[in-house]
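This report concerns only the one structure given below.
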Amino acid sequence: MQTNNHKIVDYDEVLDAKFGKAGTPEREAFRREAYAYYMGQVIKDARKSEKITQKELAGRIGTDKSYISKIENGELEPGAGTFYRIIDALGLRFEIVKPVY
């Protein structure tokens, strides 16, 4: 929960009102768009930390600058193979772990 103008706001209610209830096609579309944007920002931040251009990253993974730009802007999500090539080109590691309860 967050406060806004001294009013307590339940963010789920805000999302429900704007994008529909969880599980609806509209809410799922928003979730996918938000995730693509977030992942693009993570890639962009990592690329900038490595001090390389979009063109340099594209060259490292065998694609072009416009493709990297679209990923960073959340306009498209790369496939798994491309994602792993990007992660590797940026010197990052992706780890899948089973949660501990």
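Within the range 51-73, the set of residues being surrounded by 12 or more Cβ atoms within 10 Å (Cβ to Cβ), under 12 Å from ILE86 (Cα atoms) and not hydrophobic (A, V, I, L, M, F, W, C) comprises GLN54, GLU56, GLY59, ARG60, THR63, TYR67, GLU72. Would you be able to say whether some residue in the range 28-36 is in contact with a Leu (Cβ under 6 Å, 6 or more places away or on another chain), of a type in the set (D, E, K, R) and surrounded by 13 or more Cβ atoms within 10 Å (Cβ to Cβ)? Checking the range 28-36: not a single residue is in contact with a Leu (Cβ under 6 Å, 6 or more places away or on another chain), of a type in the set (D, E, K, R) and surrounded by 13 or more Cβ atoms within 10 Å (Cβ to Cβ).
Yes/no per residue for (1) modelled with pLDDT of 90 or more; (2) of a type in the set (S, T, N, Q); (3) within 18 Å of the chain's Cα centre (by Cα):
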position	(1), (2), (3)
THR3	no, yes, no
ASP16	no, no, no
PHE19	no, no, no
GLY23	no, no, no
GLY79	yes, no, yes
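Applying the criterion of being part of a loop (DSSP other than H, G, I, E, B) and under 19 Å from GLY62 (Cβ atoms) to the residues of the range 81-101, the residue that is modelled with the highest pLDDT is LEU90. Considering only residues in the range 50-72 that are small (Gly, Ala, Ser) and in a helix (DSSP H, G or I), the one that is nearest to the chain's Cα centre (by Cα) turns out to be SER69. Here LEU76 meets the list (1) free of Cβ contacts under 8 Å to residues at least 24 places away in the same chain; (2) surrounded by fewer than 16 Cβ atoms within 10 Å (Cβ to Cβ) almost entirely, failing just condition (1). Checked against (1) in contact with a Phe, Trp or Tyr (Cβ under 8 Å, 6 or more places away or on another chain); (2) surrounded by 12 or more Cβ atoms within 10 Å (Cβ to Cβ); (3) free of Cβ contacts under 8 Å to residues at least 24 places away in the same chain, VAL9 passes all but a single condition, namely (1).
As a summary of the residue check, ALA34 satisfies the conditions (1) within 21 Å of GLU72 (Cα to Cα); (2) outside any helix (DSSP H, G or I) except for the one numbered (2).
The values are calculated or read from the model by the stated rules, or taken from the named source; none is laboratory data. All figures in this text were calculated on a predicted structure; none of them were measured in a lab. In this analysis, Cβ positions are derived from the backbone assuming ideal geometry, glycine residues included, and neighbour counts consider all displayed protein chains.
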